[in-house]
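Each remark here refers to the structure printed beneath this line.
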Amino acid sequence: FGSETYNLSSPLRNQCLKHLCVLSSLFSEYGWYLLLLSGGVYLLIQHLNKKRSIQDRSSASTSSSDPVSVVRRQEALEASRQRMQAELDAKAAEFKEKQQRVNEVWSDLKRSDLEKRPEFSRDVFPLVVNRGVW
């Protein structure tokens, strides 16, 4: 037939043969375990998919088939929003009052500082008065 000879000493071919040998030895030693493990994983995935699809159907059927509960849920949500808005408005009013009090105290302090500040004569501090510091 042909006089073709294969060079088995090439590094690529040897590397492939090594990987094939390692893979075959793994399957020969742990083949049944790997088969059982892959079957168990497959069954677990199938079970979880069924459970999820049942939950999706049940949640979709309860929300779409009962308009009264949907209306009740929306009313409860609106009432909750109104309560939170009322609380927020109360806090804002309280903050506004505090700010007004702080501003009043601040303006009183400014006025008292201006009243207590001594008037300097131009004779004693001519440079300070001329530069506009006081």
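The values are calculated or read from the model by the stated rules, or taken from the named source; none is laboratory data. Computed from a predicted model, the values in this text were never measured in an experiment. FYI the Cβ positions are ideal-geometry reconstructions off the backbone, even for glycines, and counts take in every protein chain you see. Heavy atoms of the whole protein, side chains included, go into the accessibility calculation; ligands, DNA and RNA do not. Shrake-Rupley method; radii C 1.70, N 1.55, O 1.52, S 1.80 Å.
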Based on this model, can you work out whether Leu43 counts as more than 31 Å from the chain's Cα centre (by Cα) and modelled with pLDDT under 95? no
Margin query: One residue is enough: does the range 64-73 have a residue meeting the conditions open to solvent by 90 Å² or more (accessible area, probe 1.4 Å) and either touching a Pro at 6+ places or on another chain (Cβ under 6 Å) or modelled with pLDDT of 75 or more (or both)?
Written below: yes
